[in-house]
2 protein chains.
Amino acid sequence: MPQQQRAQLTRHSIMVAAAEEIDDVGFEAAKLSAILRRCETTKGAFYFHFSGKEDVAQALVARYREVLDEFRERWYQRAQSPMATLVGLTCDTARRLEQDVMLRAGLALACGHVGTDTDGWESLFDDLVGRAAERGQLRPGADPAAVARLCYAMVVGTNLLEASDLRRLATRLEESWRALLPGLVVDGARTAAAAG
Amino acid sequence: MPQQQRAQLTRHSIMVAAAEEIDDVGFEAAKLSAILRRCETTKGAFYFHFSGKEDVAQALVARYREVLDEFRERWYQRAQSPMATLVGLTCDTARRLEQDVMLRAGLALACGHVGTDTDGWESLFDDLVGRAAERGQLRPGADPAAVARLCYAMVVGTNLLEASDLRRLATRLEESWRALLPGLVVDGARTAAAAG
């Protein structure tokens with residue numbers, strides 16, 4: 001294996017190990033020795049790639065943001081209604097979080113340790129619900145800004161409530177969208193089906 | 001002033017000072033010395049009432065639970081529809097949280113430091129939404145369990161999003177209930193008015 005490729009593999013396995021450790025015990029309690037044990041890597045190899053625990057955390061947050069940006073790009077490009085885009089994007093992200101420990105750790109770090117940056121999610125909800133309103137797809141009389149905040153609060157709350165067992169997150173989100181949308185948007189039942 | 005009354009006042013002022021300190025910097029960073037400065041109390045007086053920072057935290061959580069129990073009792077006794085009870089109770093609690101630093105610290109401690117106890121909120125939502133369903137007050141086809149979780153996630157999410165400025169919490173909750181209820185319950189607009 002070429003040296004550069006091997007180095008990339010090591011870097012990746014350190015990030016996975018750090019993510020697993022952070023996912024299990026949290027950033028504060030995560031120990032460098034435990035991370036090294038998990039990926040069977042030496043201290044020397046670790047410090048070749050990262051300056052410390054904080055540095056890996058930053059890399060995990062950066063990767064989380066990259067992945068989210070890709071997701072958003074992909075869902076925006078599908079020619080669906082704005083609300084279907086919102087439903088599909090949030091449920092798709094939830095399913096990915098269930099499977100991807102690096103993404104879970106990145107999200108936890110982005111929300112907690114590294115800052116309270118909401119990564120543009122709030123403005124994304126505003127944007128999509130605003131577009132739905134422009135197209136007359138919201139229930140008559142509904143205030144787009146309030147609907148956007150309601151949907152965002154629902155997703156944030158569901159994330160928090162299912163944080164201990166993220167395997168249920170996507171299922172719960174889909175259920176909540178199905179309960180929420182029929183009263184909120186025109187043709188809501190069909191929009192909620194975009195979750196699946 | 002009788003000695004017992006003076007002792008109660010001191011205990012109360014220590015709890016307020018601890019709550020302010022925890023509200024400002026969080027439990028972990030809260031320092032006993034800062035708490036004593038805030039309430040102008042000696043270490044001796046402090047240790048007469050509490051065995052340490054942890055002990056005050058437990059007292060704040062206990063008070064938070066007592067206050068919530070009173071709130072629930074009061075709102076259950078009013079002869080309103082179950083959904084109006086839910087809306088009124090959550091918005092009333094939010095308004096109280098804005099004004100009462102001991103309650104804010106108690107909530108933060110109950111959710112974070114002391115445990116992840118949800119204080120029966122989840123079952124309260126289940127109970128009230130279930131009753132609304134029995135009375136035929138939910139939108140036809142709505143699944144009561146999913147609606148209860150949706151409402152609970154909305155309230156939890158709104159709490160989290162407004163955590164940095166709880167003065168806005170009640171306003172945001174009222175807005176969200178107003179956006180949510182018309183599509184969720186029969187006569188939803190009138191029910192949402194129970195928030196005010």
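The values are calculated or read from the model by the stated rules, or taken from the named source; none is laboratory data. Note that the structure is a prediction, hence the values are computed from the model and not measured. Cβ atoms come from the backbone with ideal geometry, glycine included; neighbour counts cover every protein chain shown. Heavy atoms of the whole protein, side chains included, go into the accessibility calculation; ligands, DNA and RNA do not. Shrake-Rupley method; radii C 1.70, N 1.55, O 1.52, S 1.80 Å.
General remarks:
- Anisotropy class of the stretch B:136-196 from Cα gyration tensor, a/c 1.5 cut: oblate
- For B:13, B:176, A:123, the ranking by accessible surface with the largest value first comes to A:123, B:13, B:176, using a 1.4 Å probe.
- Gyration tensor verdict on the stretch A:3-195 (Cα atoms; rounded if a/c is under 1.5, prolate if a/b is larger than b/c, oblate otherwise): prolate
- 10 Å Cβ neighbours from other chains, averaged over peptide B:178-191: 4
- Total formal charge among the other residues, if their Cβ is under 10 angstrom from that of residue B:13, Lys/Arg +1 and Asp/Glu -1: +1
- Computed [θ] at 222 nm, deg cm²/dmol, the protein assembly as shown (DSSP H ≥ 4; -39,500 (n - 2.57); rounded to nearest 500): -23000 deg cm²/dmol
- Where labels lie 7 Å past Cα in the beta-carbon direction, separation of residue B:78 and residue A:167 in nm: 4.3
- Shape category assigned to the protein assembly as shown from the gyration tensor of Cα positions, a/c cut at 1.5: oblate
- Neighbourhood charge, 12 Å Cβ-Cβ cut-off, centred on residue A:36 and excluding it, Lys, Arg +1 and Asp, Glu -1: +3
- Here the contact order of chain A, divided by its residue count and restricted to Cα pairs under 8 Å and six or more residues apart, works out to 22 percent.
- Formal net charge of residues neighbouring residue B:140 (Cβ-Cβ distance under 15 Å; K, R +1; D, E -1): 0
- Averaged over the residues of peptide B:144-150, the number of Cβ atoms from other protein chains lying within 10 Å of each residue's Cβ is 5.
- Inter-part distance, the stretch B:80-113 to the stretch A:12-38, computed on C-alpha centroids, equals 36 Å.
- Amide H contacts under 5 Å for residue A:162: none, restricted to partners 5 or more places along the chain or on a different chain, H placed in the peptide plane at 1.01 Å from N.
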